[in-house]
Amino acid sequence: LRQCFHSIQFECFQGTAIGTFTERKRFSGSILKQLEDAFYVISRYNRTRSEIKGLRRIDSMDYPVNVLREALTNAIVHRNYDRDISTNIRIFDNRAEIVSYGGLPPNTSIDTFLLGLSITRNKNLADIFYRLELIEAFGTGIPKMTEAYLERGKHIDFQTSPSGFIIVLPNLNYIDEKRILKLNDPVYF
């Protein structure tokens, strides 16, 4: 398999802002190897929270696995490969961000994809990923992703520019401890 000259960068930050790295990696080689390596490292940061309710234990992942998979494959299949700019994956305490080069195709908006339309930037790459059963190529990915978050009362944030696309996935288990401390501070009269 031909090597890809583009790469995926992974960064994990301490806290909720870009600042202190806790881990950094760069994935290179074939696109499929990059996909596997990136998904593996993202999965390491997809922790499970367990809560006891009555007699039952309820487990929930920080991020739905199918959403992480879809966001990562979309970033690879739909990025613009005409410049050597890395796809970036950033993990924070409260969110995961996947940033890829190449804005939306002309005459489209994020609403186009929320409707379930499939518009491919890299047809040959999409065909390969489809035959490998890594994507469905029916435009169902983004609607499924948003539905998975809406079921938990959260929203995915999609941001675009003419040359970039970012998807921000809230950590479903994140609890803002600073906010809780403020709410629980003693009140003096």
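The values are calculated or read from the model by the stated rules, or taken from the named source; none is laboratory data. Not measured: the values here are computed from a predicted model. Glycine gets a Cβ as well: all are built from the backbone with ideal geometry, and neighbour counts include every protein chain shown. All accessible areas refer to the heavy atoms of the entire protein, side chains included, with ligands and DNA or RNA removed. Shrake-Rupley method; radii C 1.70, N 1.55, O 1.52, S 1.80 Å.
Data overview
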{"quantity": "Length released on extending from Glu51 to Lys123, taking residue separation times 0.36 nm less the Cα-Cα span", "calculated": "21.5 nm"}
{"quantity": "Nearest-10 value in Å² for the accessible area of Glu70, using the 1.4 Å probe", "calculated": "20 Å²"}
{"quantity": "Largest-first ordering by accessible area, 1.4 Å probe, given options Val77, Val65", "calculated": "Val65, Val77"}
{"quantity": "Point-charge dipole on Cβ atoms (K/R +1, D/E -1) for segment 1-55, about Cα centre, debye to 20", "calculated": "60 debye"}
{"quantity": "Per-residue [θ]222 nm for the chain (sum of -39500 (n - 2.57) over DSSP H runs n ≥ 4, rounded to 500)", "calculated": "-9000 deg cm²/dmol"}
{"quantity": "Alpha-carbon centroids, segment 26-55 and segment 76-97: separation in whole Å", "calculated": "15 Å"}
{"quantity": "Residues with amide H under 5 Å from that of Gly29, placed H, sequence gap 5 or more", "calculated": "Cys4"}
{"quantity": "Cα-based Rg and Dmax for segment 68-118, where Dmax is the largest Cα-Cα distance (Å)", "calculated": "12.2, 35"}
{"quantity": "Cα-only Debye scattering, the chain: base-10 log of I(q)/I(0) at q = 0.08, 0.12, 0.19 Å⁻¹", "calculated": "-0.30, -0.63, -1.44"}
{"quantity": "Whether segment 4-69 is rounded, prolate or oblate, judged on the alpha carbon gyration tensor where a/c under 1.5 counts as rounded", "calculated": "oblate"}
{"quantity": "Sequence of Phe39, Phe21 when ordered by accessible area, the most exposed leading, probe 1.4 angstrom", "calculated": "Phe21, Phe39"}
